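Some notes on the structure that comes next.
Here, each number is a calculation from the coordinates, and none is a lab measurement. Because the structure is a prediction, the values reported are computed rather than measured. Note: ideal-geometry Cβ built from the backbone for every residue, glycine included; neighbour counts use all protein chains shown.
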Amino acid sequence: MSQRRSARNVSYVDAEAVARALSPSYPVYLLRPHQLAANARAFLDRFSGSVLYAVKCNPHPQVLRALYDAGIRHFDTASLPEIAQVSEAYPDARTYFMHPVKGRAVIRTAYEVYGVRHFVIDHASELEKVLEETRKGLPEELVVIVRLTTPPAAGTLYHLAAKFGCSESEAVALLRQARTAGCRVGLAFHVGSQCRTPGAYGTALDICGRVAAEAKVELACLDVGGGFPADYVEMVAPPLELYLDEVTRGLTANGFDGVEVFCEPGRALVASGCSLLIQVQLRKNDQLYVNDGIYGSLSEMVDAGIRLPVRLVRPDGPTPSAEERDFIVNGPTCDSLDVLPQRFRLPADVREGDWIEVDQIGAYSNALATHFNGFYPETFVVVEDAPLARGQ
Ligand SMILES: *Cc1c(COP(=O)(O)O)cnc(C)c1O
């Protein structure tokens, strides 16, 4: 570990410095460890329970390192590779298996090799699998967390409850079954990613309250999931305090004050921790051809319709024109679908060889990138500047 920490500590002031030093014709992620640390602190200082980073959002080793260094010790993992990555890099960290559907051998390995004790389920067959595959241990060491479905909240980009989660009556039965088997039990939900209505957490906690009252079992933990929003263009996130206050209110209102609580932020921890430096490779009138696109770092522009702040980066050469224009932006692959769904507003004289900094790209970017057509964004450098202005 000390070796990793003393590895080349190169960092750049900002995107201009990177463009000048590397002149990159490939996309470069500009990582801001200081911003990741600030985001982590915001959760750690204000959330009353354990903050689990949702690894799927951005599993890059340097992102995990920055969050770990800032004090994150709990990780929401959903596969054996994620569990292995975290456990092997950070032996003192704890991983939680938050995927409601798991292979049998995967459950067994997570339990026996990596010491995972928290498993999410949303169906009786999955509970049976978890009990069978962890039979070597003591049932009371196991924490079975039942994932509840919650009503769609206004303004979320993905309604995760459509795929996972069980009804209130199913949850009551599952809690009793797991308790009867001797396990400790908990409840979990996910209100949906980029949730812009803090009240959704209160609504979900009321559902948990009803389920707990009906099941009449003691809860070992309550997991309020992820979904906390990041800032995008024309989509400024409500302050984190509003969400955490709503969680506190919902916990108290439903008699959960003594229960251990978890949250599982992904996007809100990492979105502002990274921007992306791409290069213009051809201009045809109002069309730009750039070196990253929907099969690389920018798929969320399509899947979630988010709009990212952008700015021209031209470290040398003429001062960019003050006049601005909207440009159609084409990705690098030969696929005709590889066109960004929103235009970029840039100086009217943008030209081949210029760079563009695309900000707020730390979440669901490199994690979703494909190798399609031979393009794969994988270069990360550290920068010291602040993210572009909120909602710019
Ligand atoms: C994806 C996911 C998260 C993280 O969600 P964000 O919206 O990025 O905060 C947390 N928990 C679970 C179970 C998830 O699947």
Task: Globularity ratio of the chain, using Cα Rg and 2.2 N^0.38 Å - done: 1.05
TODO: Under a cut-off of 13 Å between alpha-carbon atoms, report the aspartates and glutamates in cross-link reach of K136, not counting same-chain residues fewer than 8 places apart.
DONE: E112
Task: 5 angstrom amide H check on S299, placed H, neighbours 5+ away - done: none
TODO: Work out from phi, with θ = phi - 60° and the Karplus expression 6.51 cos²θ - 1.76 cosθ + 1.60, the ³J(HN,Hα) of each residue of the range 289-300, listed in order in whole Hz, and give x for Gly and Pro.
DONE: 10, 10, 9, 8, x, 6, 8, x, 7, 10, 5, 5
Task: Stretchable slack from E260 to R104, in nm (0.36 nm times residue separation minus alpha-carbon distance) - done: 53.4 nm
- [ ] Subtracting the Cα-Cα distance from 0.36 nm times the residue separation, let me have the gained length for Y26 to A89 in nm, one decimal.
- [x] 19.8 nm
Task: Taking the range 33-270 and dividing mean pair separation by its residue count, relative contact order in percent (alpha carbons under 8 Å, at least six apart) - done: 20 percent
Open item on the list: Quick check for me: using +1 on Lys/Arg Cβ and -1 on Asp/Glu Cβ, what's the dipole size of the chain about its Cα centre, in debye to the nearest 20?
Closed with: 600 debye
Open item on the list: Output wanted: per-residue J couplings in Hz (rounded whole) for the range 194-203, from phi through Karplus 6.51 cos²θ - 1.76 cosθ + 1.60, θ = phi - 60°, x for Gly and Pro.
Closed with: 6, 6, 9, 10, x, x, 4, 5, x, 4
Open item on the list: Helix-only mean residue ellipticity at 222 nm, the chain, DSSP H runs n ≥ 4 weighted -39,500 (n - 2.57), per residue, nearest 500. What is it?
Closed with: -8500 deg cm²/dmol
Open item on the list: I need M301, M235 ordered by Cβ neighbour count within 10 Å, fewest first.
Closed with: M235, M301
- [ ] Given the peptides 363-372, 308-317, arrange them by the average over their residues of other C-beta atoms within 10 Å, most packed first.
- [x] 363-372, 308-317
Open item on the list: Can you give me the long-range amide H partners of R94? Hydrogens built in the peptide plane at 1.01 Å from N, cutoff under 5 Å, separation of 5 or more residues or another chain.
Closed with: H74, F75
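Can you quote the Å³ per residue value for the convex hull of the Cα atoms in the range 288-392, rounded to an integer?
121 Å³
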Open item on the list: Please arrange C166, C274 by how many other C-beta atoms lie within 10 Å of their C-beta, fewest to most.
Closed with: C166, C274
- [ ] Averaging sequence separations of C-alpha pairs under 8 Å and six or more residues apart, then dividing by the length of the range 137-271, give the relative contact order as a whole percent.
- [x] 26 percent
- [ ] Would you kindly state the longest site-free stretch of the chain, with sites defined as GluC sites (Glu not before Pro) in a DSSP loop (not H, G, I, E, B) surrounded by at most 15 other Cβ atoms within 10 Å?
- [x] 1-217
Task: Inter-site label distance for D335 and T180 at 7 Å from Cα along Cβ, in nm - done: 4.8 nm
Open item on the list: Using a 7 Å offset from the Cα along the Cα-to-Cβ direction at both E168 and D69, what is the distance between the two label points in nm, to one decimal?
Closed with: 4.7 nm
- [ ] Using label points projected 7 Å from each Cα along Cα→Cβ, tell me how many nm separate S48 and E384, to one decimal.
- [x] 4.1 nm
Open item on the list: Going by Cα centres, the range 361-379 and the range 174-206 are how many Å apart?
Closed with: 32 Å
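Please give the contour-minus-distance gain from E218 to K136: 0.36 nm per residue of separation, less the Cα-Cα distance, rounded to one decimal in nm.
Working: separation 82, 0.36 × 82 = 29.52 nm, distance 2.42 nm.
Between E218 and K136, full extension yields an extra 27.1 nm.
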TODO: Give a residue-ordered list of calculated ³J(HN,Hα) values for the range 116-121 (Karplus: 6.51 cos²θ - 1.76 cosθ + 1.60, θ = phi - 60°; whole Hz; x for Gly, Pro).
DONE: 5, 10, 9, 10, 8, 9
Task: DSSP-assigned coil residues among trypsin sites (Lys or Arg not before Pro) in the range 1-99, each with at most 16 further Cβ atoms within 10 Å - done: R8, R73
Open item on the list: With the cut-off at 26 Å, tell me which of the pairs K102/K216; K129/K163; K56/K102 have Cα atoms farther apart than that.
Closed with: K102/K216
TODO: Could you check which residue among A268, A188, A93 shows the biggest mean-square fluctuation in a GNM of the chain with a 10 Å Cα cutoff?
DONE: A93
